1. Show the residue pairs meeting these rules: Cβ distance below 8 Å; 6+ apart or different chains; first residue within region 117-142 and at positive phi and touching a residue at least 60 places away in the same chain (Cβ under 8 Å); second residue surrounded by 12 or more Cβ atoms within 10 Å (Cβ to Cβ) and assigned to a helix (DSSP H, G or I).
2. Can you tell me how many residues in region 143-167 are within 23 Å of residue 272 (Cβ to Cβ) and surrounded by fewer than 23 Cβ atoms within 10 Å (Cβ to Cβ)?
3. Going by the structure shown, is residue 130 under 24 Å from residue 211 (Cα atoms), modelled with pLDDT under 90 and surrounded by fewer than 24 Cβ atoms within 10 Å (Cβ to Cβ)?
4. Hey, any hits in region 221-239 for a residue that's under 27 Å from residue 55 (Cα atoms) and crowded, with 17+ Cβ neighbours inside 10 Å?
5. Taking the stated definitions as given, is residue 271 assigned to a helix (DSSP H, G or I), in contact (Cβ under 8 Å) with a residue 12 or more places away in the chain and closer than 17 Å to residue 147 by Cα?
6. Return yes or no: is residue 277 surrounded by 22 or more Cβ atoms within 10 Å (Cβ to Cβ), in contact (Cβ under 8 Å) with a residue 40 or more places away in the chain, under 17 Å from residue 112 (Cα atoms) and over 15 Å from the mean Cα position of the chain (by Cα)?
7. Would you pick out the residues in region 327-375 that are more than 30 Å from residue 283 (Cβ to Cβ), touching a helix residue (DSSP H, G or I) at 6+ places or on another chain (Cβ under 8 Å) and at pLDDT 90 or above?
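The values are calculated or read from the model by the stated rules, or taken from the named source; none is laboratory data. Keep in mind that this is a model prediction, so the values were computed, not measured. Cβ sites come from the backbone with ideal geometry, for glycine too, and all protein chains shown count toward neighbours.
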């Protein structure tokens with residue numbers, strides 16, 4: 001960015017307190033979004049660590065495997081609906097950059113209504129979804145019973161969990177990282193405390209872990225709704241005719257469709273990994289579940305910077321200010337790669353201690369030690385993928401996200417077919433790392449063309 005552009009950006013910030021118009025991207029601005037959200041997202045894998053540790057203390061691989069499959073099935077269903085957060089973030093960020101407060105609120109109401117209706121439908125369909133999931137994963141009878149208990153109770157959180165996606169998408173779109181941190185900490189903090197209390201202290205096991213999740217999601221949804229609505233500018237409140245305007249709904253649902261497909265394919269990749277792990281036996285499946293928790297730590301750690309990229313690139317497009325887009329892309333990439341390298345190193349140094357914390361089963365520990373290096377590498381191979389997701393969500397280039405995910409998944413399936421028969425579980429982890437790398441690189445090569453086209457059309 002030139003000195004003139006920097007001066008212009010500073011002046012515009014002073015002249016537009018609501019964030020409209022050109023703006024200057026700085027490390028401080030990036031970190032004001034990324035740090036709170038990194039801390040907030042880290043509570044989610046911390047929750048996974050606690051849940052795994054609670055069940056792991058019971059000393060049975062079947063219980064840990066049942067929890068792993070239940071969590072995968074739940075994620076396969078609900079994280080597919082992550083489009084509620086992603087589409088909301090991109091649309092709100094662009095409205096924020098334009099200074100369109102009325103459209104910001106309208107996007108929130110569209111997303112929240114969609115979330116609540118979808119959640120109720122999923123709860124009603126939960127018995128069918130569980131049957132399909134157990135058929136897909138094909139666990140043994142004892143593992144399947146554990147999975148069923150976890151799934152039935154946790155599914156009660158459906159409407160609240162999806163509402164939290166819409167609420168978080170709104171606050172992230174406005175760059176309110178501290179509010180996002182507050183909500184994530186509230187949801188997962190309640191979950192963690194109750195998981196330990198119900199699962200271990202009261203001896204409810206998997207049932208207690210699931211009910212802890214339900215409580216956290218419901219409390220978080222209520223608190224988030226009250227925080228967001230109380231901050232609304234009443235003078236900019238949209239009418240219901242605007243909320244349900246056909247062209248705006250079509251745009252939202254188009255983004256939702258593409259991002260849903262992308263999310264579904266991403267989870268299908270992880271489900272395939274779990275399914276293959278099931279065929280390798282309960283001990284290997286449990287070890288992979290422990291190591292996937294490590295992968296999630298790295299993923300949520302990098303998601304904070306991806307959220308900064310979402311908000312800043314979306315805001316830049318809304319403001320029609322290309323220098324902010326380019327600078328945000330460059331600076332978030334530097335931060336992402338540096339933090340990914342530090343995360344990988346930390347897992348190499350302290351991974352054994354983390355595995356010991358997660359499970360007391362010696363056979364599971366031994367398997368997890370063997371494959372730890374592959375899990376540690378996921379931070380580096382996934383860094384660009386996480387960042388590009390943020391850029392493409394903020395820019396609402398959803399069709400490209402969908403298509404490149406499908407292409408990367410095809411490469412992943414080929415890698416699994418070739419590497420697993422030859423190298424077993426080593427081949428499975430190698431294929432996962434290749435998948436993460438392909439996702440990032442396929443999107444990265446599209447950025448110059450798409451950004452040039454977007455800003456040319458905005459002029």
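1. Final answer for the pair search is 138/275; 138/278.
2. Going residue by residue through region 143-167, those that are within 23 Å of residue 272 (Cβ to Cβ) are 143-144, 146-148, 150-151, 154-155.
Next, from what is left, pick out any that are surrounded by fewer than 23 Cβ atoms within 10 Å (Cβ to Cβ): 144, 148.
Going through region 143-167 one residue at a time, the tally reaches 2.
3. It is true that residue 130 is under 24 Å from residue 211 (Cα atoms), modelled with pLDDT under 90 and surrounded by fewer than 24 Cβ atoms within 10 Å (Cβ to Cβ).
4. We begin by selecting, within region 221-239, every residue under 27 Å from residue 55 (Cα atoms); these are 221.
Applying the additional criterion that residues be crowded, with 17+ Cβ neighbours inside 10 Å yields 221.
Yes, region 221-239 has at least one match.
5. Values: assigned to a helix (DSSP H, G or I): yes; in contact (Cβ under 8 Å) with a residue 12 or more places away in the chain: yes; closer than 17 Å to residue 147 by Cα: yes.
Criteria met by residue 271.
6. Values: surrounded by 22 or more Cβ atoms within 10 Å (Cβ to Cβ): yes; in contact (Cβ under 8 Å) with a residue 40 or more places away in the chain: yes; under 17 Å from residue 112 (Cα atoms): no; over 15 Å from the mean Cα position of the chain (by Cα): yes.
For residue 277, the condition - surrounded by 22 or more Cβ atoms within 10 Å (Cβ to Cβ), in contact (Cβ under 8 Å) with a residue 40 or more places away in the chain, under 17 Å from residue 112 (Cα atoms) and over 15 Å from the mean Cα position of the chain (by Cα) - is not met.
7. Just the residues of region 327-375 that are more than 30 Å from residue 283 (Cβ to Cβ), to begin with: 327-339, 341-342.
Still in the list and also touching a helix residue (DSSP H, G or I) at 6+ places or on another chain (Cβ under 8 Å): 328-329, 331-333, 335-337, 339, 341.
Those that are more than 30 Å from residue 283 (Cβ to Cβ), touching a helix residue (DSSP H, G or I) at 6+ places or on another chain (Cβ under 8 Å) and at pLDDT 90 or above: 328, 329, 331, 332, 333, 335, 336, 337, 341.
Okay, residues lined up against (1) at pLDDT below 90; (2) closer than 17 Å to residue 165 by Cα; (3) assigned to a helix (DSSP H, G or I):
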{"residue": "43", "(1), (2), (3)": "yes, yes, yes"}
{"residue": "53", "(1), (2), (3)": "yes, no, yes"}
{"residue": "72", "(1), (2), (3)": "yes, no, yes"}
{"residue": "79", "(1), (2), (3)": "yes, yes, yes"}
{"residue": "92", "(1), (2), (3)": "no, yes, yes"}
{"residue": "96", "(1), (2), (3)": "no, no, yes"}
{"residue": "110", "(1), (2), (3)": "no, yes, yes"}
